[in-house]
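Report on the following structure.
The values are calculated or read from the model by the stated rules, or taken from the named source; none is laboratory data. Since the structure is predicted, the reported quantities are computational estimates derived from the model, not experimental observations. Here Cβ is always computed from backbone atoms with ideal geometry, including for glycine, and neighbour counts include all displayed protein chains. Ligands, DNA and RNA are excluded from the accessible area calculation, which covers all protein heavy atoms including side chains. Shrake-Rupley method; radii C 1.70, N 1.55, O 1.52, S 1.80 Å.
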Amino acid sequence: SKGEGETDRFNLIGAPLTNVLQDTEIEFTGTFTSFRGGIDIFLDSRNTLTLSGSFTRGSFDSFNNIDITNDTLSGETVVASGLNQRLSNSERMFRNMGGSVLFKHLFPKKGREWTADVNLNEVRTEGIGGFTNIFPGFTSVEEQENDGGSRFFTIQTDYVEPIGKTGKMEVGVRAALRDYDSQNASYLFDRDSGDRFRVPNFADEYEFQDAVYAGY
């Protein structure tokens, strides 16, 4: 996809009056693929095993070009209009994988059943973005990298007992475990050597885990 934008800002207060004009061009490309499947295995008339899985992957690239024209002041006089340019491009990728196993047992008594299932889902993301700011006589180049993801695991079992003609009792246990991590880093490029160095004050790196156990 492609896009264009224009923003004109005219200041109506102050002396002298100044303007900021901005033109934007955007280009975006991406792909997205997903697969999903499952199978039911009837072990016998009362026992069923279900297997399922999924895989999803996406990749997205974007490019932005922003031209900014600013009125330049010298004292109380507009002397020139300066042109600044900001170029940005980014690449993003993610993938999601999941799988589950479900077992179901039907008892001879109608409505009585036992089920157990295990589920696992994992997501990973990666990305890099570059930013170039061009000013009259000066250019700065920045870069950002990020990586992260999560893993979610659940296991659960339930037992259902019918009571009378309309009632039922259900008991079960469940465990849900999750891991999450994220890393983001920012870099600047030296104007003379072109070497990249990390900016430690503009970064974050963290992870956490949680576990929830339930009985009901």
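Some notes on this structure:
- Checklist (1) closer than 30 Å to Ile66 by Cα; (2) modelled with pLDDT of 90 or more applied to Gly194, failing item: (2)
- Cβ-Cβ distances below 6 Å connect the following pairs, each with a first residue in the stretch 54-81 that is acidic (Asp, Glu) and open to solvent by less than 50 Å² (accessible area, probe 1.4 Å), a second residue that is at pLDDT 75 or above and outside any strand (DSSP E or B), and a separation of six or more residues or different chains: Asp71/Thr18.
- Residue match in the stretch 183-205 (condition: in a strand (DSSP E or B), touching a Lys or Arg at 6+ places or on another chain (Cβ under 7 Å), touching a residue at least 40 places away in the same chain (Cβ under 8 Å) and within 30 Å of Leu49 (Cα to Cα)): no
- Of all the criteria given as (1) closer than 29 Å to Thr115 by Cα; (2) over 28 Å from the mean Cα position of the chain (by Cα), the one not satisfied by Arg178 is (2).
- Every residue from the stretch 32-60 that is modelled with pLDDT of 95 or more, more than 19 Å from Gly149 (Cα to Cα) and among the basic types (Lys, Arg): Arg36
- Selected residue [under 22 Å from Phe94 (Cβ atoms) and exposed (fewer than 12 other Cβ atoms within 10 Å of the Cβ)] from Asp179, Asp147, Asp204, Asp195: Asp204
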